[in-house]
Amino acid sequence: MNWRNFLAPYSQVVEELKVKLKEMRSQFEYESSHSPIEFVTGRVKPVSSIIDKMNRKNIHMEDIETDLQDIAGVRVVCQFVDDIYDIMHRLCSRNDFEVIEERDYINHKKESGYRSYHLIISYPVETIHGERKITAEIQIRTLAMNFWATNEHTLNYKYEGRIPVKVQDRLKRAAEAAFKLDEEMAKIKDEIQDAQRMFKTNKQIREK
Ligand code: 0O2
């Protein structure tokens with residue numbers, strides 16, 4: 001398997017999506033005081049993780065393009081839960097890719113405690129051999145959900161996917177605490193956004 005050639009279009013998709021999502025963020029910043037996008041990241045899944053996941057899910061090489069949907073992955077991190085749905089609706093109505101599946105792990109959290117909104121998309125990339133449709137995953141989550149998922153991911157790595165039950169229980173409690181934080185912040189969203197508007201106006205005055 002020539003992984004470099006295989007992954008090249010996936011890498012192109014990640015770069016193009018990052019540019020487009022960051023551009024959305026800039027546009028929000030020009031046009032309003034609040035951007036629902038805090039930051040955007042992206043990565044191509046490392047070959048070792050691809051192979052691990054293929055073994056774990058019994059995916060054969062010939063099915064990799066259809067069955068492994070997160071080889072190209074981008075993440076949009078938001079301040080508030082409402083922002084996630086705002087971004088999701090905007091992405092679903094775009095014409096430059098097709099949303100083929102939605103996974104709402106916010107209303108349907110995972111057993112681990114994981115929360116996030118996933119869009120699986122089919123993204124057309126231009127290659128020197130013509131257009132190719134590449135499957136990619138867009139994860140949309142709040143800062144609190146991201147904090148939890150990043151820590152849980154690290155622990156999964158440390159324990160090679162077998163986190164001790166005691167730690168799993170703590171993680172589940174932490175996931176609920178993170179969600180409670182999101183709920184509490186939602187209640188003072190208007191106050192926070194007022195403060196952001198004031199801060200932006202004062203900054204503009206100072207910079208004139
Ligand atoms: P990495 O290292 O981020 O690439 P499955 O792997 O079976 O749970 P599936 O069917 O591949 O899930 O799709 P799904 O549910 O959309 O999950 C894909 C990605 O979502 C995962 O990729 C993680 O990035 C994230 N994710 C899903 N569940 C969890 C979770 O319980 N905890 C954390 N921290 N992240 C999760 P990978 O390949 O697992 O990892």
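Some observations on this one:
- Carbon + sulfur, % of accessible area of segment 155-208 - ligands and nucleic acids excluded, 1.4 Å: 57 percent
- For the chain: accessible area per residue (Å², 1.4 Å): 62 Å²
- Judged by the gyration tensor of its Cα atoms, with axes a ≥ b ≥ c, segment 99-208 is oblate; a/c meets the 1.5 cut and b/c is at least as large as a/b.
- The charge dipole of the chain, taken about its Cα centre with unit charges on the Cβ atoms of Lys, Arg (+1), Asp and Glu (-1) only, comes to about 780 debye.
- Charge dipole of the chain about the Cα centre (unit charges at C-beta), most positive-ward option of Asn95, Ala136, Gln196: Gln196
- Positive dipole terminus of the chain, leading residue within Tyr157, Val81, Pro46 (C-beta point charges): Tyr157
- Peptide packing: for 59-66, 87-94, 8-15, the average count of neighbouring Cβ atoms within 10 Å per residue gives the ranking 8-15, 87-94, 59-66, highest mean first.
- Of all lysines in the structure, the ones whose alpha carbon falls short of 28 Å from that of Lys187, not counting any fewer than 8 places away in one chain, are Lys22, Lys109, Lys110, Lys172, Lys200, Lys203.
- Screening the chain for whole DSSP H helices of 30 Å or more along their axis (Cα) with average Kyte-Doolittle hydropathy at least -1.0 returns 3-31, 165-187.
- Packing rank of 74-80, 111-117, 99-105, where each peptide gets the mean count of other beta carbons within 10 Å, highest leading: 74-80, 111-117, 99-105
The values are calculated or read from the model by the stated rules, or taken from the named source; none is laboratory data. The shown structure was predicted, so the numbers you read here are calculated from the model rather than taken from an experiment. Cβ coordinates were reconstructed from backbone atoms using ideal geometry, including for glycine residues, and neighbour counts include every protein chain displayed. These accessible areas exclude ligands, DNA and RNA; they are computed on the full protein's heavy atoms, side chains included. Shrake-Rupley method; radii C 1.70, N 1.55, O 1.52, S 1.80 Å.
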